[in-house]
Amino acid sequence: MPRRNQTTTRMEACVTMSFNQTTAIPSLPRQFQGKWNKKSYHVLRELGRGANGAVYLTTEGGVKRAVKVGVEGIDILMEVNVLKSVQQGRDSRVGPLLSDVDDLIVDGKACTFYAMEYLEGDQLDRYIRQYGQEWVGVMMVQLLARLDVLHKHGWVFGDLKPENIMVTQSDRQVRLIDFGGVTKLGNAVRQFTEEYDRAYWHAGDRKAEISYDLFSVAVMMVRLSVDREVWKSSQGETRHTVLLCDIIRKSDGLYPYRVPLLKAFHGKYASAGEMRAEMLPILRELTVAAPQKQAQKRASGAGGMGISGLFVASLLLLAGTLYYAWFM
Ligand SMILES: Nc1ncnc2c1ncn2[C@@H]1O[C@H](COP(=O)(O)OP(=O)(O)OP(=O)(O)O)[C@@H](O)[C@H]1O
């Protein structure tokens, strides 16, 4: 059954039970060794803890690793299963790469943990706050590519929210983290967060379907593209997608994407790839074609040639970066 907490809801658990589970999650000692694989980890700090376990930043053999430890071995192994299956394919950038799965004893209790690639970067919401809302479209298009891979392996992410998405510092790539809510297609979604939950918006149920994730993508896109006050206006007593449509209509950044957003709200896409394919030309028009036309106009106008030339060059540079970001 699915789960919920203040942020994430785990469906089998009421809020009290999530709290108990959180406190039961062991704290790792500064140094530990896996029982079977004998890899040694030096714990630097805790990164976060939630419904399924706690995540620590560690070093192993001089390399930074994120280590997730939980009391419920079965939950941890389910996450391991998903991570393993998605990194077998051609595109291994869905989530962090797995490096170890093992047991350890903490305070006399056996716990299961897994170690993964440590992703240096920002959570998606922080990234957008720092670099600007014009990056939302680029990141959503990348996210849809990642989801397409996950869905093709028979999984639905479930608890899609900016906090579960990282943008890596080195190459501005979107990667999913926290696979605790990932659910087999057709089952009931295991974890969700109300703000991005289709049922909460009275737009459908919590069956793990591709359309469930795509609904969350669309809500997330709205959320990331508007200011806090505007977003709050959609949080009335009864949530309905009509409130989101109002925001889209009034937002310059969202209006061009109105068709794919509405289609996602109404479950009209059969795959993430299909939604991505309809968003790409809009993104291209907004980020490359329109500014280029504008720049050309300015260049041929009365303004000084030197400055206009520089302006065009900088836009082309941005366009190059965006093309790289789209297709990676
Ligand atoms: N591979 C990783 N690289 C870098 N940071 C990570 C990685 N995995 C997790 N984190 C950080 O650790 C925090 C907690 O991780 P995660 O969300 O997986 O666990 P959780 O909080 O226990 O899950 P839940 O949100 O379901 O309660 C994340 O917010 C993220 O900042």
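The values are calculated or read from the model by the stated rules, or taken from the named source; none is laboratory data. All figures in this text were calculated on a predicted structure; none of them were measured in a lab. Glycine also receives a Cβ, built like all others from the backbone with ideal geometry; neighbour counts cover every protein chain displayed.
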Return the pair list, or none, for Cβ contacts closer than 8 Å from residues in segment 224-244 that are in contact (Cβ under 8 Å) with a residue 40 or more places away in the chain to residues that are among the aromatic types (F, W, Y), at least 6 apart or on different chains.
T241/W201; T241/F265; L244/W201; L244/F265
Filter segment 42-57 down to the residues that are farther than 17 Å from E72 by Cβ and touching a residue at least 60 places away in the same chain (Cβ under 8 Å) and list them by number.
L57
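May I ask you to verify whether A51 is modelled with pLDDT of 95 or more, of a type in the set (G, A, S) and within 23 Å of the chain's Cα centre (by Cα)?
For A51, the condition - modelled with pLDDT of 95 or more, of a type in the set (G, A, S) and within 23 Å of the chain's Cα centre (by Cα) - is not met.
Report those strands (runs of 3 or more DSSP E) wholly inside segment 100-215 carrying at least 1 residues which are modelled with pLDDT of 95 or more and touching a Ser or Thr at 6+ places or on another chain (Cβ under 9 Å). Let's see the steps before the verdict.
Details: elements: 109-117, 121-123, 165-168, 174-176.
Ranges flagged: 109-117, 121-123, 174-176.
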Please go through segment 38-87 and pick out each residue that is away from the ligand (no atom under 13 Å from the Cβ) and under 26 Å from W155 (Cβ atoms).
G73, I74, L77, N81, K84, S85, V86
State which residue pairs qualify: first residue closer than 26 Å to S99 by Cβ and inside segment 116-138, second residue away from the ligand (no atom under 16 Å from the Cβ) in any location, beta carbons under 8 Å apart, and separation of 6 or more residues or different chains.
L124/M139; L124/L224; Y127/W135; Y127/M139
Within segment 139-197, residues among the aliphatic types (A, V, I, L, M), more than 13 Å from the chain's Cα centre (by Cα) and crowded, with 24+ Cβ neighbours inside 10 Å come out as V189
How many residues are in a loop (DSSP other than H, G, I, E, B) and over 17 Å from F192 (Cβ atoms) when one looks only at segment 216-273?
17
